[in-house]
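One structure below.
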Amino acid sequence: MTAIIVLVIKASIALSVFAIGLRANFADATFLFRRPSQLARANFPNEKLAAPAVILYLIVSSVLSVVYLKWVKRQELTHPTTQTHNAVKA
């Protein structure tokens, strides 16, 4: 696990140095994440349904996230925990 963390940190530093060398700004760095259909087209140039598949995935995951968060909130309201995490025992 620590080897993975070290590898991720090293990759992050290398990419940061590369981005500074290219004089990239935040908009440049997040360009494809703001346009997921272009990201799909870049990775799958011969697939005509790649962009609609990515958009469908984003819509479905957003809807399911909202439903799940509402369900969790309702569960917390119907089954409140009796323990207080900040209580000091004497």
First check a/c for region 35-76, with a ≥ b ≥ c the square roots of the eigenvalues of its C-alpha gyration tensor; if it is under 1.5, answer rounded, and if not, answer prolate when a/b is larger than b/c or oblate otherwise. prolate
Matching label, Rg/Rh (Cα atoms, Kirkwood Rh) computed from the structure shown, candidates [x] 0.95; [y] 0.98; [z] 1.20: [z]
For the chain, with only Lys/Arg (+1) and Asp/Glu (-1) charged at the beta-carbon, what is the dipole magnitude about the Cα centre, in debye rounded to 20? 120
Quick one: length gained pulling V8 to A24 fully straight, 0.36 nm per residue minus the C-alpha distance? 3.7 nm
Given unit charges at Cβ for Lys, Arg (+) and Asp, Glu (-), the dipole magnitude of region 35-76 about its Cα centre in debye, nearest 20, is 120
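The numbers here are math on the coordinates, done by the rules we state, and not lab data. Keep in mind that this is a model prediction, so the values were computed, not measured. Heads up, the Cβs are rebuilt from the backbone with ideal geometry, glycines too, and the neighbour counts pull from every protein chain shown.
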